[in-house]
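Worksheet for the structure shown next.
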Amino acid sequence: MKRPTIDHSLIASELRRVERRFMLKSALSLGGLAMLSGCAIDDEPSVEKALATIMGFTDRVQAMIFSRNRLAREFSTAQITRPFPFNAYYDQDDIRVVDETRWRLEVSGLVSDKRPWSLAQFRALEQQRQITRHICVEGWSAIGSWSGVRLSAFLQHIGADTRAKYVKFGCFDDYSTSIDMETALHPQTIMVLDFDDASLPPAYGAPMKIRIPTKLGYKNPKYLASVEVTNIFPGGYWENQGYDWFGGS
């Protein structure tokens, strides 16, 4: 008997919407959001508008306290989570694989050099290794070993305008997300090529993922296809469905 097809993205989106409504109701009942006292809790547009106000406020606060000089904790090899869990908005059987010899990272936006990059070019750059904790918005965490090129070094190589506000990531599994420039220049934000001292496997985002230990898991895109430097707010796959944009961990 064939199993019915389940749209996990729709389920996750609905769960998130219910969770956010519950959080808002709780906050209002505590009197913590007096500025939203005119919001009718059963009025969906009012709720969404109120939540957008709250999320915008939390984004601004997180950005204010973020510092490139504040590093995420690093761990020993003995503390690595094995096996490291697979996580995506689809099942592991649906992982998309790309020919790494033909893969090229597309570059666009406010940069002086828009030529695409190959894996060989990234391998030729200085590599950084970190053992850091991946924190998922769903409540679990895992420690992994990641190696790759600092995003800040790559941005320098392509002549990126680091006065720009955002860096957007597009992925060949149709995922996308974006980060602020300050996070992009953080020394622990890396373009991952290796996992646990071996080439990054498909389950974890081959041929390249972005590792940002100062952000929640959904801000760490896998299966990277493109990078864009921009001043136009880019949003993201989950962010456009109501998740916090800054996503600090």
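Structure values in brief
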item	result
Theoretical FRET efficiency, 1/(1+(r/R0)^6), r = Cβ-Cβ of SER108 and GLU182, R0 22 Å, to 0.05	0.60
For the stretch 95-106, 3J(HN,Hα) per residue [Karplus equation, 6.51 cos²θ - 1.76 cosθ + 1.60, θ = phi - 60°, Hz, x = Gly/Pro]	4, 9, 10, 10, 6, 5, 6, 9, 5, 9, 8, 7
Rounded accessible area per residue of the stretch 50-241, 1.4 Å, Å²	47 Å²
Gain upon complete extension [ARG73, SER118; 0.36 nm per residue less C-alpha separation]	13.1 nm
Residues of the stretch 175-197 with amide N under 16 Å of a point placed 7 Å along Cα→Cβ from ILE80	192-197
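The values are calculated or read from the model by the stated rules, or taken from the named source; none is laboratory data. In this text the structure is predicted, and so the values were computed from the model without any measurement. Note that each Cβ is placed from the backbone with ideal geometry, even for glycine, and that neighbours are counted across all protein chains shown. These accessible areas exclude ligands, DNA and RNA; they are computed on the full protein's heavy atoms, side chains included. Shrake-Rupley method; radii C 1.70, N 1.55, O 1.52, S 1.80 Å.
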